[in-house]
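Undergrad: My questions will all concern the structure given below.
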Amino acid sequence: MLTTAGFGAAYGFRPSLRYVLGLFIGTNLVLLAVVTGMAAIVLSVPWLRTLLMTASIAYLLYLAARIAFAGSKIAFIAAKNPPGIGGGLALQAINPKAYVVNTSLISGFSFAPDNLPFELLTKVLIMNAIWIPIHLAWLWAGTALHELNLNQRTQRAINGGMALAMLAVVALATWTATT
């Protein structure tokens with residue numbers, strides 16, 4: 001959600017929608033990987049789990065830098081365009097939180113043990129019914145900041161704050177992975 005708001009603030013609503021679409025597709029692909037057991041198989045290999053965690057941290061750091069330096073004349077990362085669908089897909093594919101959330105949703109409770117297809121379909125519909133408006137609201141919130149036409153210094157400060165929040169997420173993910 002931080003990247004969604006960050007890119008909304010940096011680039012506006014419409015330019016960032018492709019990224020959110022990528023996140024949406026990626027979230028549902030992660031859900032499919034969890035439901036089919038592929039995530040458990042892949043994440044059971046220690047070196048692969050470490051590689052994916054490292055890739056996740058690196059990508060989140062990259063996104064934090066893109067947000068921090070978007071709209072800044074001193075940017076060392078070219079940030080003329082927001083990440084598209086591929087950027088959202090890439091983030092979700094290596095996002096450990098996506099796997100934890102989807103695993104908790106699918107295996108955390110059962111309400112129709114005699115009808116697994118119904119239960120899975122219901123959980124997918126509920127998850128998407130919550131996911132879509134929340135991410136669009138975060139994108140709108142970021143866009144509202146973008147449309148305020150703040151001076152460049154204030155916009156850089158907001159982008160920096162968003163980037164720092166992402167760095168906090170990276171730190172928490174790293175700490176969680178090592179404990």
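What follows draws every value from the coordinates through simple rules; no lab data is involved. In this text the structure is predicted, and so the values were computed from the model without any measurement. Methodologically, a virtual Cβ is constructed for each residue, glycine included, from the backbone with ideal geometry; neighbour enumeration extends over all protein chains shown.
Undergrad: If you build the convex hull over the alpha carbons only and average its shadow over all orientations, what do you get for segment 39-177? Give it in nm² to one decimal.
TA: The number I arrive at for segment 39-177 is 10.3 nm².
Undergrad: Using the beta-carbon distance between residue 51 and residue 165 and R0 = 22 Å, what value does 1/(1 + (r/R0)^6) give for FRET efficiency, to the nearest 0.05?
TA: It comes out at approximately 0.30.
Undergrad: So, one more: Please report, in Å, the Rg and the Dmax of segment 103-179, where both are computed over Cα atoms only.
TA: Radius of gyration, then largest Cα-Cα span, for segment 103-179: 19.0, 59 Å.
Undergrad: State the Cα centre-to-centre distance between segment 1-63 and segment 112-152 in whole Å.
TA: One Cα centre to the other: 14 Å.
Undergrad: In Å, the Kirkwood hydrodynamic radius of segment 1-56 over pairs of distinct alpha carbons?
TA: Evaluated on segment 1-56, it is 13.0 Å.
Undergrad: Ranked highest first by average number of other Cβ atoms within 10 Å, how do 159-167, 112-120, 46-54 line up?
TA: Descending mean neighbour count gives 159-167, 46-54, 112-120.
Undergrad: First measure r as the distance between the Cβ atoms of residue 122 and residue 148, then evaluate 1/(1 + (r/R0)^6) with R0 = 35 Å and state the FRET efficiency to the nearest 0.05.
TA: 0.30
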